[in-house]
């Protein structure tokens, strides 16, 4: 079989005899500096491999995602706004003829997702679709005209015909049901590799680049700088509370999208001028680890999310968290690992005041409860075992796993 290791260059794709085989298809660009999607999809593919499946990850774009060595990654050229990829479609077709047990598609609205569904349907292969927050009402409102058109042509049919849908949170499962979809839904969260944070780099990795952060406590926002992330109400709230907590700096780490950073900067001009707000731009590697490991608290005020990897990573680092219910991580507040606030300025002002008013011991205690929660329920090993049980059920039949909701 011929796949594409890099756009335009062929490589051999040989399937090993006797193993269960799962192909994961993802169509978003895998930017190392951006978005939980670029870490959660490779993380799940790696976890599935660890649970006993021969796993192949097919993506479009030039950036190779970080997977374990057991996962074979094939990259294909995507063309145009719908990421049309005849090479990926051809490779999937050939793989299906050689023998696949499961096809797992991540995301919606783009050609590779439809190609995965079409190949699965033609070859009678179980299809799992992970919308990854894209069916949330807030997400559907973004680029809604294109989504209505693509939904009419492809995605409604593909979703209805999927063998199983994958929800990251109970809220996402509810959003799936509100659309009238009656497929089985597996409720399986993202996971995190806690070992990644055991030996963090020095804080100087960051303070050497941003001297204003030296000697300060960092309240970290790490995500895309996008309107859905709630940075406008956060900036308004920060204007209200920052002067009461002069030892704290709000650090916004992530790539600017649709020019949103300028809007946030305009609202938070005073905080920027006083050095109480710092934009780092996109971060990866040691810079990302240093920010997470040496921050003192984490905030994510999103209007809409799937299940943010950033929250899991912050909790794994022992950071007390302020998040919105829309982030889908209510458990962290339920166990005392963080606080919840609505994505509007007054609620965030109260939440920030409550969080930053805690002393160091109280904040550390809150963070330790969040870390314990992640280690107990959100490791990639546990996530991979759950998803592998779903695959096995789809292949062999029998009673559905406990994580799967089946409508009679």
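The values are calculated or read from the model by the stated rules, or taken from the named source; none is laboratory data. The structure presented is a predicted model; accordingly, all values stated were derived computationally and were not measured. As a convention, Cβ positions derive from the backbone with ideal geometry for all residues, glycine included, and neighbour counts pool all protein chains shown.
Pairs are defined by a Cβ separation below 8 Å, a sequence spacing of at least 6 or placement on different chains, a first member in segment 316-344 that is not assigned by TED's automatic domain parsing to the domain that holds residue 293, and a second member that is in a loop (DSSP other than H, G, I, E, B); no pair meets this definition.
Among the residues of segment 151-206, those identified as touching a strand residue (DSSP E or B) at 6+ places or on another chain (Cβ under 7 Å) and in a loop (DSSP other than H, G, I, E, B) are 162, 163, 181, 183, 184, 188, 191.
Can you name the residue in segment 240-280 that is on the phi > 0 side of the Ramachandran plot and in contact (Cβ under 8 Å) with a residue 40 or more places away in the chain and is also farthest from the chain's Cα centre (by Cα) among such residues? Taking the candidates together, the pick is 275. Taking the conditions (1) crowded, with 20+ Cβ neighbours inside 10 Å; (2) on the phi > 0 side of the Ramachandran plot in turn, residue 114 satisfies each one other than (2).
Quick test for you: out of 361, 395, pick the one residue that is assigned by TED's automatic domain parsing to the domain that holds residue 106 and in a helix (DSSP H, G or I). Residue meeting the stated conditions: 395.
Close contacts from segment 199-211, counting a first residue that is surrounded by 12 or more Cβ atoms within 10 Å (Cβ to Cβ) and a second that is at pLDDT 95 or above and in a loop (DSSP other than H, G, I, E, B), with Cβ to Cβ under 6 Å and a gap of 6+ residues or different chains, come to 207/214.
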